[in-house]
Amino acid sequence: MNQQINILITDNDQETVNVIACVLETQGYSVSTSHSWCEVIHRLNNSSVDIALIDIDMTDMNYQTGIAAIKNASPNTKVIATTSIELDNRTMDKLSDMGTLSVLPRPFDLNELVCALEFIALDLDPVNNGELAYAHGQTS
């Protein structure tokens, strides 16, 4: 089942992208990579992506503009956000309202990422009680 799922990994850190790509490829996912919001939008306009794993801390565009552009370019693409910044409830609500399915705080365990992808692949929603949850626990 994983072989038919196309994942776009986006982070401005090349090593992070390489590690995540290697792990996901060994899990049978089809993986492509990018390193900026602009590159994400270009790829989505030119190819099919099922799941976008996006570092929302990238500086070439703010996350609200970036996620809106993703949804405009490819409305069916599922978004998983990663961040090294602790997010408040208001930001988590914004991400959820924009269609982000999960937020993985960095550093994250790659097993947590694989679990989140499996939920999405099975068409399960990793949202708990209508609130977007961190992989490490819910916001209060």
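Do we find that residue 40 is more than 16 Å from residue 99 (Cβ to Cβ), modelled with pLDDT of 90 or more, outside any strand (DSSP E or B) and not polar (S, T, N, Q) in this structure? When the stated conditions are applied, residue 40 does not pass them. Selection over the range 14-37 of residues that are exposed (fewer than 14 other Cβ atoms within 10 Å of the Cβ) and either free of Cβ contacts under 8 Å to residues at least 12 places away in the same chain or in a helix (DSSP H, G or I) (or both) gives a count of 6.
Confirm whether residue 5 is of a type outside the set (Phe, Trp, Tyr) and modelled with pLDDT under 90. Write out each step before concluding.
Working: of a type outside the set (Phe, Trp, Tyr): yes; modelled with pLDDT under 90: yes.
Here the answer is yes, as residue 5 does meet what is asked.
The values are calculated or read from the model by the stated rules, or taken from the named source; none is laboratory data. Please read these numbers as outputs of a predicted model, since none were measured by experiment. Positions of Cβ are backbone-derived with ideal geometry, glycine not excepted, and every protein chain shown enters the neighbour counts.
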